[in-house]
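Everything on this sheet refers to the single structure shown next.
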Amino acid sequence: MDQDTKRFLSYIFLQARAHSRFLLLGLTFALLSSSITGLGTWSIKPIFNFVFEEKNYSYFKFVPLYILLLFFLNGLFSLFQAYYMKALAVRVINGIRLQLFRKCLFLPYSLLIKERSGQTVSKVINDTSQIEPILGESFQIVIKESLTVWVLIAVAFYQRWDLTLLILITLPIIIYGTKVLGTKARRARSLTQRATGELTHKTGEIIHGIREIKLVPSKDFLTQLFSKELERFYRLSLKVTKYRESSKSLVDLMTGLGGALIIGYGGFLIIKGNLSPGAFLSLMTAMLLIYTPLRKLSRAYTGLKEAQGAWSRIEELLSKEEERGGGLRVLETNVGFLLKEVSFRYNDDLPYVLEKVSLFIPARQMVALVGPSGAGKSTLISLLPRFFDPTEGKIYLDDHPLEDFDLESLRNLFGMVWQEPFLFNLSLWDNLTLVKPMATEEEVRSACELAQAWEFIEKLPQGLDTVLGEEGLMLSGGQKQRLALARVFLKKPPIIILDEATSQLDTLTEKAIENALQTLRGKHTLIVIAHRLSTVTKADKIVVMEKGRIVGEGRHEDLLSQSPLYRELYQSFQRRI
Ligand SMILES: Nc1ncnc2c1ncn2[C@@H]1O[C@H](COP(=O)(O)OP(=O)(O)OP(=O)(O)O)[C@@H](O)[C@H]1O
Ligand SMILES: [Mg+2]
């Protein structure tokens, strides 16, 4: 057994041990069911000899009853063992799913966005669900059928060891063939999995970009791309089937060979008077019965190998290092952020998007970031809650390097609103109180009022209980922004960052929100990014950025005279209104 398989099996076993009750029950019933099979096969000889050879015909009527009883018990025990083994498998799989889910929560943001999103999602969803039936089946098969095989071999050996050995020579061929085919199936399965991921990704792209696609004059190009993916998927799927079915056929062929051997040689022995018909019948039955579990076992092995392929991708994700913070817990900030010569690039082979940025963001003041699109404003603020860490340079909060803080407590300081806020497929209430689970209805309502969201929530038939999402209500961009703002007003975190947070609102609503924000001034650190300069003119400090650098810093009036870029931005804004 290779290293990977060992690790896989010991991992699965470790998971299974957590549910030892199911494992034990499953094993017990498997043992009972195999014993019944063994008993039935073994008893053929004494019964045959007693009833037919010794001519006790009056007992013959019990034979069908005996057979019926054995089959009934076997069926009953099989049912129980299948039930408990399936329960075990699903529990193990759900355990893995939960682990994956938790893992995704704690992986660094930079890593999560680097992975192709379709791939990561397919890993979590597809790989686990593909392991489940395989594992559910394999678990039972491996345990029950291998027990049965051993019991049957023991019975056969007991009858005639020499004949049994003769038949067992087909076993190595089966084992070797299964192994080779199993490995191939695993490789193919792993590729299929990846292809499924790509397909999921592509399909998602179509739905997301459907409006753009509808405007494309010829759809042939896109269709061709998609059908190429489908073709690849088709070929890979067939490959898996090919290997899986071949290993089944191999066992069938060997069954034929075994049958031929036993009938040929056994018949020869009977004719020579060296074997009793009862023993021959029992032996024959044992051998024929062995091949069924063997066929199942070989399928289970291929299945296990396939599951292993899927598992290796799950393991890869599970082994990724989680983000880590320090031990310093923080509840508020009194000094502010200090960025020292901070440079940043998203990737080693991408250009720097922040270059030697040094900046002080004083606590409880309002700081505005302005600059042309692509200047690095959003990038800069995403360094503050450590969504990314600087490539070079250092960031301090209240004189401590950011890495020293406990991540959860650091991030709990923030409330952030983006241009395209994300809302969960939950009720409005749940979406809002996510940031403050103990909030009262009064608090939620007043937060919504401050964010100018109450006017539309009020009109909904279910109010705050309205569920968002595919089946529920779809919100407009501006409504989403207002809900995200309501979250901030509800939580009232020490640091509030608004990145184009009111860009989709009309001027009147924006004005009302600005006024509401004014009430937070002096108590909270406010960092605002806005293209509409009316929002920022009142800031305590305006930072002008261009191409990853800070090119101006000061109050509105100072910058108007000192920074040509700021003047230009402001004038073009003035012209627009
Ligand atoms: N996830 C990312 N991976 C790689 N590059 C990125 C990523 N996000 C942004 N960039 C690049 O970083 C640069 C700065 O982007 P950023 O979003 O910080 O600009 P911005 O000032 O916020 O612009 P805008 O006003 O348009 O929002 C851009 O050149 C952009 O291409
Ligand atoms: Mg931006």
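A short reminder: the numbers here are calculations on the coordinates, not readings from a lab. These numbers come from a predicted model, not from an experiment. Positions of Cβ are generated from backbone atoms using ideal geometry, with glycine treated the same way; all protein chains shown enter the neighbour counts.
Brief remarks follow.
- At most 11 other Cβ within 10 Å, DSSP loop - trypsin sites (Lys or Arg not before Pro), region 1-57: 55
- Fewest-first sequence of 456, 424, 22 by Cβ atoms within 10 Å of each Cβ: 424, 456, 22
- Estimated purely from DSSP H runs of n ≥ 4, each contributing -39500 (n - 2.57), the mean residue ellipticity at 222 nm for the chain is -20500 deg cm²/dmol once divided by its residues.
- For region 351-405, the list of GluC sites (Glu not before Pro) that fall in a loop by DSSP and count at most 13 other C-beta atoms within 10 angstrom is empty.
- Sequence ranges 546-556, 64-74, ranked by mean other-Cβ count within 10 angstrom, highest first: 546-556, 64-74
- Taking chymotrypsin sites (Phe, Trp or Tyr not before Pro) across region 273-375, the ones in a DSSP loop with at most 16 further Cβ atoms lying within 10 angstrom of their Cβ are 346, 352.
- Karplus 3J(HN,Hα) series, Hz, for region 517-533 with 6.51 cos²θ - 1.76 cosθ + 1.60 (x for Gly, Pro): 5, 4, 5, 8, 4, x, 9, 10, 7, 10, 10, 10, 10, 8, 7, 7, 6
- Whether region 3-319 is rounded, prolate or oblate, judged on the alpha carbon gyration tensor where a/c under 1.5 counts as rounded: prolate
- Using the alpha carbons alone, the radius of gyration of region 1-140 stands to its Kirkwood radius in an Rg to Rh ratio of 1.26.
- Taking other C-beta atoms within 10 angstrom as a stand-in for reagent exposure, 391, 37 fall in the order 391, 37, fewest first.
- What separates the Cα centres of region 437-453 and region 270-335 is a distance of 53 Å.
- Shape category assigned to the chain from the gyration tensor of Cα positions, a/c cut at 1.5: prolate
- Residues whose placed amide H lies under 5 Å from that of residue 473, excluding near-sequence neighbours: 467, 468
- For residue 320, a cut-off of 19 angstrom between C-alpha atoms picks up these lysines, skipping any fewer than 8 places away in its own chain: 103, 114, 123.
- Cα gyration tensor category, rounded, prolate or oblate, for region 336-576 with a/c compared to 1.5: prolate
- Under the Karplus curve 6.51 cos²θ - 1.76 cosθ + 1.60, θ = phi - 60°, whole-Hz ³J(HN,Hα) for region 153-162, x wherever Gly or Pro sits: 4, 4, 4, 4, 4, 4, 6, 8, 5, 5
- Amide H contacts of residue 529 (H built 1.01 Å from N, in plane; Pro and chain starts excluded): 369, 498, 499, 500, 501 sit under 5 Å, all sequence-distant by 5 or more or on other chains.
- DSSP beta bridges confined to region 336-576 are antiparallel in about 50 percent of cases.
- Karplus-derived 3J(HN,Hα), 6.51/-1.76/1.60, for each residue of region 62-68, Hz, glycine and proline x: 7, 4, x, 4, 4, 4, 4
- Taking amide H as placed 1.01 Å from N in the peptide plane, the amide H of residue 391 sits under 5 Å from that of 343, 344, 345, each at least 5 places away or on another chain.
- One Cα centroid belongs to region 4-68, the other to region 502-550; the line between them spans 76 Å.
- With the convex hull of the Cα atoms taken as the outline of region 352-391, the averaged projected area works out to 3.3 nm².
- Residue order, fewest to most surrounding Cβ atoms within 10 angstrom, among 305, 228, 179: 228, 179, 305
- All aspartates and glutamates inside 17 Å of residue 86 as judged from Cα atoms, apart from same-chain residues fewer than 8 positions distant: 132, 137, 145
- Reachable lysines, given that their alpha-carbon falls under 21 Å from the alpha-carbon of residue 480 and they are not under 8 places away in the same chain: 436, 459, 491, 492, 511
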